[in-house]
1. So which residues in segment 53-67 are acidic (Asp, Glu) and outside any helix (DSSP H, G or I), if there are any at all?
2. Among the listed residues Glu16, Glu65, identify the single one that is charged (D, E, K, R) and either loosely packed, with under 10 Cβ neighbours inside 10 Å or at pLDDT 75 or above (or both).
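The values are calculated or read from the model by the stated rules, or taken from the named source; none is laboratory data. All of these numbers come straight from a predicted model, not from anything done at the bench. Positions of Cβ are generated from backbone atoms using ideal geometry, with glycine treated the same way; all protein chains shown enter the neighbour counts.
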Amino acid sequence: MPSSASFSEKPADKAEKSSRTKTVKSSKKEAAKAIPEPASKGSGNISLHLPKTLHEDLLKRMAEEGVSMDELITYLLMRGLSR
């Protein structure tokens, strides 16, 4: 059976782990900066990115229902939130 000394971290391993930890911490800080604080009151406007397939599905449904994209998304969100 190997001695317990063989299981200890080597200096190179410690440096790599430290580097990964710093990268994760800096990524979290950058992400926190990129996300704005929520407004105390909604403005009524949002901007979002959708997968292309979802966007295409919404466009088809919009044409079928004869409504605008804004009306369709508002309806779907209201229906989903009322559950």
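1. Of everything in segment 53-67, nothing turns out to be acidic (Asp, Glu) and outside any helix (DSSP H, G or I).
2. Working: Glu16 fails: either loosely packed, with under 10 Cβ neighbours inside 10 Å or at pLDDT 75 or above (or both).
Every option except Glu65 fails the conditions.
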